[in-house]
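Encoded as structure tokens, the structure appears first; notes follow it.
None of the figures in this text is laboratory data; all of them are computed from the coordinates on show. What you see is a predicted model, and the numbers here were worked out from it, not measured in a lab. Cβ coordinates were reconstructed from backbone atoms using ideal geometry, including for glycine residues, and neighbour counts include every protein chain displayed.
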Amino acid sequence: MLNVVIFGPPGSGKGTQSEQIIDYFGLGHISTGDILRAEIKEGTELGKIAASFIDRGELVPDSTIIGMLENKLNTLKSSKGVIFDGFPRTVAQAQALKEMLAKRGESIDVMLNLEVERQELIARLLKRGETSGRSDDNLETIEKRIAVYETQTAPVMDFYKAEGSYHGIQGVGSVAEIFERIKEAISACAA
Ligand code: B4P
């Protein structure tokens, strides 16, 4: 069983690297961003609540996200473990995840922090915005998302440093180069 958190600022490549990790390690995948976008597309009550926050570049409230995550975790069938992508984004979410996993006799084995400079993040997200159609991929909302990351999400790093599972990963280079760094970090922990 291998449970991994992939972490980093908006546009750092969490979704991109998750795809590589899933293929290589055979893990189940939970992306809170993907779940929220699917709810918005289907026009559910949860989707309506989520859209109002995402469009402003803000975090969806912890109570909503934690309940949603728990439901997903209970329905996911993965014997090898799970990659948590875009979750936790607050210390309260990190604490809730720890408790949810503890009930199952599990824990987070590796937390991977993708380190990417602000200018590179903005450039990537503006580029994605040319084709994504995402309401949050415009300059004003990207800057807000980065500010929210710095105040509300960055403290999650200290949580995992205290847990002993934190690994910094240089997140600039080709997708393949970054994945090599990730493989080394995961293999070192799983050994
Ligand atoms: P997310 O969907 O998690 O999205 P993200 O932070 O924008 O992207 P990610 O880091 O995955 O970047 P990607 O690989 O796509 O969240 C969206 C919103 O949902 C949040 O702002 C929030 O409102 C809400 N939300 C989600 N989870 C929540 C939670 N737990 N609590 C509260 N609210 C929550 O890469 C970005 C771009 O860079 C892509 O175009 C990609 O092609 C490119 N790229 C990737 N790697 C590259 C590389 N090595 N070089 C060059 N470009 C690269």
With a ≥ b ≥ c from the Cα gyration tensor eigenvalues, square-rooted, and the rule rounded for a/c under 1.5, otherwise prolate when a/b > b/c and oblate otherwise, segment 147-191 is oblate
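Counting other C-beta atoms within 10 Å, which of 31, 52 has the fewest, and how do the rest follow?
On the way: 31 19, 52 10.
Fewest to most other Cβ atoms nearby, the residues stand as 52, 31.
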Considering only C-alpha atoms, what is the centroid distance from segment 147-168 to segment 99-129, in Å? 10 Å
What residues have an amide H closer than 5 Å to that of residue 111, excluding those fewer than 5 places away on the same chain, when H is modeled at 1.01 Å from N in the peptide plane? 5, 166, 167
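Based on the Cβ-Cβ distance of residue 162 and residue 117, what FRET efficiency does E = 1/(1 + (r/R0)^6) give at R0 = 35 Å, to the nearest 0.05? Present the calculation step by step, with values, prior to reporting the outcome.
Numbers: r = 26 Å, r/R0 = 0.73.
E(calc), rounded to 0.05, equals 0.85.
Would you mind calculating the relative contact order of the chain from Cα pairs under 8 angstrom and at least 6 residues apart, reporting the percent as a whole number?
Details: 261 pairs, mean separation 63.3, N = 191.
Taking the mean separation of contacting Cα pairs over the length of the chain, I get 33 percent.
Return the subset of 41/103; 103/144; 72/161 for which the Cα-Cα distance in this structure is over 29 Å, preserving the input order.
Violating the 29 Å Cα-Cα cut-off are 41/103; 103/144.
Give me the number: length gained by fully extending residue 154 to residue 140, i.e. 0.36 nm times residue separation minus the C-alpha to C-alpha distance, one decimal in nm.
On the way: separation 14, 0.36 × 14 = 5.04 nm, distance 2.01 nm.
So the extension gain works out to 3.0 nm.
Please compute the contact order of segment 3-83 in relative form: average sequence separation of alpha-carbon pairs under 8 Å and at least six residues apart, divided by the residue count, as a percent. Provide the component values of the computation, followed by the final result.
Values: 60 pairs, mean separation 34.8, N = 81.
So the answer I get is 43 percent.
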Residue exposure sequence - 60, 172 - by fewest surrounding Cβ within 10 Å: 172, 60
Expressed in angstrom and ordered largest first, the alpha-carbon extents of segment 34-191 along the principal axes are 42, 37, 27
One would report the Cα pair-distance distribution of segment 110-153, bin width 10 Å, in %, as 26, 52, 21, 1
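Which number do you get for Rg(Cα) / (2.2 N^0.38 Å) in segment 1-111? Let's see the in-between values first.
Details: Rg = 13.6 Å, N = 111, 2.2 N^0.38 = 13.2 Å.
In units of the 2.2 N^0.38 Å rule of thumb, it is 1.03.
If each residue's Cβ is checked for other Cβ atoms within 10 Å, how do 27, 73 rank with the fewest at the top? Spell out each step's value before the answer.
Values: 27 21, 73 17.
So the residues, fewest neighbours to most, are 73, 27.
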